[in-house]
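These notes are about the structure you will find just below.
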Amino acid sequence: MTECQKIILSLIRNSVLPGHEALPEDCDWSAVYRLGKKQQATALLYYGAVNSGYTGNAEGFLNLRQDAMCCAAVEQNQLCQAERILDCFDRENVDYLPLKGITLKKLYPATELRTMSDIDILIRTEQYDRIRPLMVQMGFTEGTQSDHEYIWERAGGVYVELHKCLMPSYDKDFAAYYHDPWKLAKPVAGHPNRYAMSPEDTFVFLLVHLAKHYRNGGIGLLHMTDIFVYLRANPHMDEETITCQLRQLGLPQFYENVRHTLDVWFDGAAADQMAECITQCVLHGGSYGTGADRVRASVLRGAERSGSTKQAKYKMTLAALFPPYRVMKEKYPVLRPLPILLPGVWVYRWVTALLFRRNNIRVLRRKTSGVSLSDVESYRQSLEYVGLRQRGK
């Protein structure tokens, strides 16, 4: 672990734990800022720096402070809009279950420490026709949708993801486990339409979400810190219930390795090769790993299904050239009532790519041609080492 990485972990401890650790006088604040920016964790690191007693004016530290102030302003806007949406859903008898960041924020020492790129809410798809005009009335614009979420945006950079389900279909094993996204939902007292999962079910979902991103390209500091903060806030969860669910999901070994790494980070446990492996996975890229690892993960998923890395790369390129109807209809709504137009829309897509997005084509060719059999096998082994397996689509 590099000196900068050690300082990063010290700053995170200072942010979420009582007390503080002093920082080395020669702290490279520029390196800390760069890594914090990549990880979308500058607010967390700034708070840790303040708690450490640092009072200097190094340029990197000042950049951290400026970023943290911007995060706080964005967060206030997000919280305001989230409250409007949830109040509206209660008033209009729309069922909802807040997910991830919007609920985890409350467990941090200050809500602005847990930044989020969007507001995640599980809804019932059969109620979406009622939800759409409500979102418009609140000033949101409907964007594209995927197989698992409807995306909305409001001026000021507030994004909302209304989830149809808890896991995307391309994560076959996790999607199958959560095939009925409302089976774990329980009513929340005082709110006629709000639901929540039990602490145990919530924790398992958070770990599955972390595992999904880990094997699909990588995770960041906030993913790991979320797990630690949640465990600390819920010390009396039923471990037997959690273990039983993780066995069904094939994640008990991964859970053990993540817990051990968190013990190293936050509780002074002795570091070993496993903790170092997971730590480097977290810190070597951005908040969701690296683009190269996301490509390797995608090829590996295809190889798991077809049994051939070469064939998986070919199908990945083919899917980029000829996306299936279920994907195209989300980007080109005209296809929903008229699927017969799909070939024509493919041609339109190619022409606009050649005229205006030629760089995207070059990037795709470079990414797929640059993934070798040894790259994919190495990626597979790195996942298996920490207790994960990639599943085919």
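Results, tabulated for the structure shown:
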quantity: Any hit, segment 27-44, residues being assigned to a helix (DSSP H, G or I), open to solvent by 20 Å² or more (accessible area, probe 1.4 Å), at pLDDT 95 or above and in contact with a His (Cβ under 9 Å, 6 or more places away or on another chain); calculated: no
quantity: Qualifying position, being among the charged types (D, E, K, R) and without any contact (Cβ under 8 Å) to a residue 12 or more places away in the chain, among D95, D90, D26; calculated: D26
quantity: Candidate set from segment 234-292 (those that are of a type in the set (S, T, Y) and closer than 23 Å to M197 by Cα); member that is least open to solvent (accessible area, probe 1.4 Å); calculated: Y255
quantity: Residue match in segment 47-63 (condition: in contact with a Ser or Thr (Cβ under 8 Å, 6 or more places away or on another chain), outside any loop (DSSP other than H, G, I, E, B), touching a residue at least 24 places away in the same chain (Cβ under 8 Å) and of a type in the set (F, W, Y)); calculated: yes
quantity: Answer from V160, V188 - the residue that is among the β-branched types (V, I, T), crowded, with 20+ Cβ neighbours inside 10 Å and out of contact with any helix residue (DSSP H, G or I) (no Cβ under 6 Å at 6 or more places or on another chain); calculated: V160
quantity: Residue count, segment 91-105 (criterion: over 17 Å from the mean Cα position of the chain (by Cα) and either closer than 13 Å to V16 by Cβ or crowded, with 16+ Cβ neighbours inside 10 Å (or both)); calculated: 4
quantity: Of all residues making up segment 1-38, the number that are aromatic (F, W, Y) and over 23 Å from C277 (Cα atoms); calculated: 1
quantity: Per-region count, segment 111-135, residues out of contact with any helix residue (DSSP H, G or I) (no Cβ under 6 Å at 6 or more places or on another chain), touching a residue at least 40 places away in the same chain (Cβ under 8 Å) and open to solvent by 20 Å² or more (accessible area, probe 1.4 Å); calculated: 3
quantity: Some residue of segment 65-79 being of a type in the set (D, E) and either under 30 Å from V204 (Cα atoms) or open to solvent by 60 Å² or more (accessible area, probe 1.4 Å) (or both); calculated: yes
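The values are calculated or read from the model by the stated rules, or taken from the named source; none is laboratory data. These numbers were taken from a predicted model, which means no experiment stands behind them. Glycine gets a Cβ as well: all are built from the backbone with ideal geometry, and neighbour counts include every protein chain shown. These accessible areas exclude ligands, DNA and RNA; they are computed on the full protein's heavy atoms, side chains included. Shrake-Rupley method; radii C 1.70, N 1.55, O 1.52, S 1.80 Å.
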